[in-house]
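Structure first, commentary second.
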Amino acid sequence: LESLIVELESPECASDAARTKKLCDNIQNLIRSLKPSESAMDTISSKFGPNARVMVRSSANVEDLEGMSAAGLYDSIPNVDPNNREAFATAVGEVWASLYTTRAVASRHAAGVGQLSAHMCVLVQEMLSPEVSFVLHTTHPLTGDVNSAYAEFALGLGETLASGAIRGTPCRMSIEKSSKNVTVNAFASFGAALVRDDESPTGMKSVAADYATHWLSNDSVKRSSVAARILAIGLMLEHELSPRTELLTQDIEGCVLPNGELCIVQARPQP
């Protein structure tokens, strides 16, 4: 396997698309043949209930680098039964193998990142059924104002915000850190929402979205309360995830469950 990856580094390979594809196909097939250890699968299955479904997510050391966000570059597999050993192992293998798609290899080559230095882990997270999903930037990305945060909200799963698969715009809010005052910059215009569907291979389906009657649009008190809670969690994560000598602003993904519980699914340094 290592010899094939070394060959990907060669200048001759970089200029030969057919050779690169053949190498990538061979590397991916080898990686797909690998499986997590039995002890690892025992640990995973013990963390979730008998009817749970999980998302097997990519977590590579070559994601979210300066000048190389890699958003959507690697695979994540939804709607996986963590108690089905074969299905779970296959999903993990697919995520590992996505490190060596031709697109991923070309992206790293363009960024000057060595193929041998790329490594892939997986995150296993229980699939949720959120009422609302959000993205929070702890420093306002449009103005650069460190005294203001910025959040985007959409009904249903966060894939609506991340994928761009549904036409429309999210609910956009600016939040003053000191006063917690919320300014709605735009109300959502999505006509549909993506929601969890355990019968679907993708783990989700599209349904009509009624923003007009939802608190995101018509209840300023609840909207401000939720925004303030999200901001408080975001500022706590900003301190927890920063080195001692520098405060790193955070790009945070999360959701609000129907019972009002807030869940954070990802946090990373804000570009």
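The values are calculated or read from the model by the stated rules, or taken from the named source; none is laboratory data. Every value quoted in this text rests on a predicted model; they were computed, and no experiment measured them. In this analysis, Cβ positions are derived from the backbone assuming ideal geometry, glycine residues included, and neighbour counts consider all displayed protein chains. Just the protein is used for accessible areas: all its heavy atoms, side chains included, with ligands, DNA and RNA removed. Shrake-Rupley method; radii C 1.70, N 1.55, O 1.52, S 1.80 Å.
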(message) Name the single residue that is nearest to SER148 (Cα to Cα) among those in region 238-271 being part of a strand (DSSP E or B) and of a type in the set (A, V, I, L, M).
(response) ILE252
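Step by step: first the residues of region 128-142, then only those that are of a type outside the set (S, T, N, Q) and assigned to a strand (DSSP E or B), then the one that is farthest from THR249 (Cα to Cα). Which residue is that? Even if it seems obvious, please write down each step before you answer.
Applying the first criterion (of a type outside the set (S, T, N, Q)) to region 128-142 yields 128, 130-132, 134-137, 140-142.
So of that shortlist, the ones also assigned to a strand (DSSP E or B) come out as 132, 134-137.
Values: VAL132: 23, PHE134: 16, VAL135: 13, LEU136: 10, HIS137: 7 Å.
Selected residue: VAL132.
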(request) Among the residues of region 218-231, count how many are under 21 Å from GLU253 (Cβ atoms) and loosely packed, with under 13 Cβ neighbours inside 10 Å. (result) 0
(request) Tell me, please, whether a residue that is more than 19 Å from the chain's Cα centre (by Cα), at pLDDT 95 or above, not hydroxyl-bearing (Ser, Thr, Tyr) and not in a helix (DSSP H, G or I) can be found in region 219-229. (result) yes
(request) Check VAL122 against each of (1) part of a strand (DSSP E or B); (2) open to solvent by less than 40 Å² (accessible area, probe 1.4 Å); (3) β-branched (Val, Ile, Thr) and name the one condition it does not meet. (result) (2)
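Yes or no, residue by residue, for (1) surrounded by fewer than 16 Cβ atoms within 10 Å (Cβ to Cβ); (2) assigned to a strand (DSSP E or B):
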{"site": "ASP145", "(1), (2)": "yes, no"}
{"site": "ARG172", "(1), (2)": "no, yes"}
{"site": "ASP198", "(1), (2)": "yes, no"}
{"site": "LEU216", "(1), (2)": "no, no"}
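To keep it simple, each residue is scored yes or no on (1) hydroxyl-bearing (Ser, Thr, Tyr); (2) without any contact (Cβ under 8 Å) to a residue 24 or more places away in the chain; (3) over 19 Å from ASP75 (Cα atoms); (4) surrounded by 11 or more Cβ atoms within 10 Å (Cβ to Cβ).
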{"position": "LEU1", "(1), (2), (3), (4)": "no, no, yes, yes"}
{"position": "SER10", "(1), (2), (3), (4)": "yes, yes, yes, yes"}
{"position": "CYS13", "(1), (2), (3), (4)": "no, yes, yes, yes"}
{"position": "ARG19", "(1), (2), (3), (4)": "no, yes, yes, yes"}
{"position": "LYS22", "(1), (2), (3), (4)": "no, yes, yes, yes"}
{"position": "SER46", "(1), (2), (3), (4)": "yes, yes, yes, no"}
